[in-house]
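Participant: Have a look at this one.
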Amino acid sequence: MRVTMTSAAARTGRTNEDFTGALPTAAVLVDGAGIPGTAAVCRHGVAWYANRLGGSLLGLLPLARDRGLPELLAEAIERVTDIHRDTCDVAATISPSAAVAVLRLSDGLVEYLVLGDSTLVLDRADGAPLVVSDPREGVISRPYASALEATAEGSDAYHRILRELRANRNQPGGFWVAKDDPRAADEAITGSCTVSELTGATLLSNGAGRIVDRFRLATGRRSSPSWHRADPPTSFAASGRRRPATR
């Protein structure tokens, strides 16, 4: 599997809070949620969390080929949480969290996982690309976004709306992300297909994923001219500038 990766910080001069990594048979994207105030509850920060989670997961993938992706993600979440459980308030609503996308090739199959608002695009040899995403955060956030737009940023009312939105995170009926609870991995969107069905795959953060959900540029025969047909399939991981984090 040939892999290309690109990533950019949310703003110039700011630490990149995303992680992209790959092995010959796997690719991982971790899209860190840069929530204001995180430093007050975690001395490590979002970038540290994203890199630790991505590195842990990437290290597990080739060593446990008989274990499913949700199980491996759960172990990675637990490992990272245990590292800073005694020094940080990992259960706080603004503690570091992230969306995750994973791709693994094994025994002729391509397995995939999406947790949170990352996006996976599978270029199929015969047919339009398959877009894999988790719509729950977007659906739940929509009414809150309208309320936030109508409220003065930084006001008590603004922060109250944010708290109400974040109360839906990692809760039944809400949306799910990687944070401190490994059980969130069981809520991920997963699937598989044969390697022969695909010519390429793309893992996108919610910022880079706008080419799919906003601009509809991955609905034709290929996800993008840059992510060309190859044998074996090409994987492309991208993280980019994002909208304000609500996770």
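Participant: Considering only the other residues whose Cβ falls under 10 Å of the Cβ of residue 53, what net charge follows from Lys and Arg at +1 and Asp and Glu at -1? The partial results should precede the final answer.
Facilitator: Details: positive: 52, 79, 179; negative: none.
Local charge sum for residue 53: +3.
Participant: Between beta-carbons, use under 13 Å as the cut-off and find the net charge around residue 172, counting Lys and Arg +1, Asp and Glu -1. Don't skip to the answer; put the middle values down first.
Facilitator: Details: positive: 136, 169, 183; negative: 181, 186, 187.
Residues near residue 172 contribute 0 overall.
Participant: Further question: Any idea of the accessible area per residue across segment 51-144, 1.4 Å probe, to the nearest Å²?
Facilitator: Values: 3700 Å² over 94 residues.
Value returned for segment 51-144: 39 Å² of accessible area per residue.
Participant: While we're on this one: Computed FRET efficiency, Cβ-Cβ of residue 43 and residue 124, R0 41 Å: what is it to the nearest 0.05?
Facilitator: Numbers: r = 45 Å, r/R0 = 1.10.
Step by step, r from the Cβ atoms, then E = 0.35.
Participant: Can you sort 189, 140, 83, 161 by 1.4 Å-probe accessible area, starting with the largest? Working shown, then result.
Facilitator: On the way: 189 55, 140 35, 83 85, 161 15 Å².
Reading off the accessible areas and sorting them downward yields 83, 189, 140, 161.
Participant: Here is a further query. Would you mind computing, in nm to one decimal, how far apart the modelled labels at residue 86 and residue 150 are, each placed 7 Å from Cα along Cα→Cβ?
Facilitator: In this crude spin-label approximation the distance works out to 4.9 nm.
Participant: With the full set of protein chains in place, find how many percent of the accessible area of segment 59-195 is carbon and sulfur; take the probe as 1.4 Å.
Facilitator: Values: 3060 of 6170 Å².
The value for segment 59-195 is 50 percent carbon and sulfur by accessible area.
Participant: Now for a different question. Net charge within 15 Å of residue 68 by Cβ-Cβ distance, Lys/Arg positive one each and Asp/Glu negative one each, not counting residue 68 itself?
Facilitator: On the way: positive: 65, 67, 104, 183; negative: 66, 71, 75, 107, 111, 186, 187.
Local net charge: -3.
Participant: Treat every Asp and Glu Cβ in segment 67-109 as -1 and every Lys and Arg Cβ as +1, leave all other atoms uncharged, and give the resulting dipole magnitude about the Cα centre to the nearest 20 debye.
Facilitator: Numbers: 4 positive and 7 negative charges, 29 e Å.
Dipole of segment 67-109, to the nearest 20 debye: 140 debye.
The values are calculated or read from the model by the stated rules, or taken from the named source; none is laboratory data. Because the structure is predicted, anything quoted here is derived from the model rather than measured. Heads up, the Cβs are rebuilt from the backbone with ideal geometry, glycines too, and the neighbour counts pull from every protein chain shown. These accessible areas exclude ligands, DNA and RNA; they are computed on the full protein's heavy atoms, side chains included. Shrake-Rupley method; radii C 1.70, N 1.55, O 1.52, S 1.80 Å.
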